[in-house]
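Notes follow the structure.
Every number in this text was worked out from the coordinates using simple rules, so none of it is lab data. Everything numeric in this text was worked out from a predicted model, so none of it was measured. In this analysis, Cβ positions are derived from the backbone assuming ideal geometry, glycine residues included, and neighbour counts consider all displayed protein chains.
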Amino acid sequence: MRKLLSAAAFAVLLSTAAFAAEPSAPEKGGTEAPTVRPADAKGIDTVGATDELVIPDGWSLVTSPVGGFRAAFPSSPKVKEQPLKTEAGWVRMISYGVAPKNDDSYLMVMVGQYPDGTMSAMPADQVLKSACDGMLAQQKLTLLTDKPVSVNAPKGSSERSFPGRDIEATQGPEGMRISIRMILVKDRMYQIMFMHKNEDTGLFKQLLSTFSLQ
C-alpha cells in the first residue's frame, strides 16, 4: 500500500510540475484571487504556532541545501531525483517522501528547479493556475478547495515573501484525499503534499508548521 501511495504521490507532483511550464492565458473579465494576509508557512492553520521552530515528538528535522528548504518528517525521508522534460526544458526534480507508521498516508516535499529565467519571466499567478489545472485534469482529481497563500522568504533575502496555493482534492471512487501547498520561488517550485484516506490533515499541518525556505 505504501509503495502504491508513494508512486501515486510522485505521479501527481510530476504532473503538476510539468503543467507549471505551460501557463494558461489570463481569463478575460476575471477577478483576481482574494488577498490573504502574508504569513510564514509554519504559521498557517497551525494552532499555537510561534516564531520558534517546534518539532513534533519523534520527528526528524531535515535541511536540504540542494532543495533550499528545511522541514521535519515523521521519519527519515526517502530521497529521489528524476529529470523531467517540460515545455520550459529539462527540470531537476528532487523529492523527499515518507510513509508515517501505522497510517495509510504519504507525505512528500518535491522541489523542481527550472531553467534560469523560464518561470520567473511569467506571472506567478498564471504559473500556479496552470500547474493546478493541469494536475486536476491529468490525474482526474475533484477540486474541493483552492486558496492563495504567501510564504516568507528566507532570512536575509531581498524578497519579503513568495506566492503559493493551497489545494484540497479527491481522487478515485474511494475518495483518496490530496492536500498540496505549491510555492513558486522565481525559477523553483516547491510542492508539499499529503495523500490520505480521511479528512484528518493533522500530519500535513505538522509538516507545514516546520517547513521554511532556506
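Think of the stretch 96-192 as a dipole: +1 on every Lys or Arg Cβ, -1 on every Asp or Glu Cβ, centred on the Cα centre; then among Thr142, Ser161, Met122, Ser161 lies furthest on the positive end.
Give, to the nearest whole percent, the P(r) tail of the stretch 74-169 beyond 16 angstrom, counting all Cα pairs. Numbers along the way, then the final one.
Numbers: 3239 of 4560 pairs.
In whole percent, the long-distance tail amounts to 71.
Close amide H pairs (under 5 Å, H built 1.01 Å from N) link Ser75 with Ser60, residues at least 5 positions away or on another chain.
Need one number for the stretch 105-160: average projected area of the convex hull over its C-alpha atoms, nm².
Details: hull surface 23.6 nm².
Average projection, Cα convex hull of the stretch 105-160: 5.9 nm².
Phi angles of the stretch 76-86 translate, via the Karplus equation with coefficients 6.51, -1.76, 1.60 and θ = phi - 60°, into HN-Hα couplings of 5, x, 7, 9, 9, 10, 8, x, 10, 8, 10 Hz per residue; Gly and Pro are given as x.
Working note: Karplus 6.51/-1.76/1.60 with θ = phi - 60° gives the stretch 152-167 the couplings 4, 6, x, 4, x, 6, 6, 8, 8, 7, 10, x, x, 9, 9, 10 Hz, where Gly and Pro are set to x. Legend: distances between Cα atoms for Lys85/Lys205; Lys129/Lys186; Lys147/Lys205; Lys101/Lys140; Lys80/Lys129; Lys78/Lys101; pairs beyond 22 Å are Lys85/Lys205; Lys101/Lys140; Lys80/Lys129.
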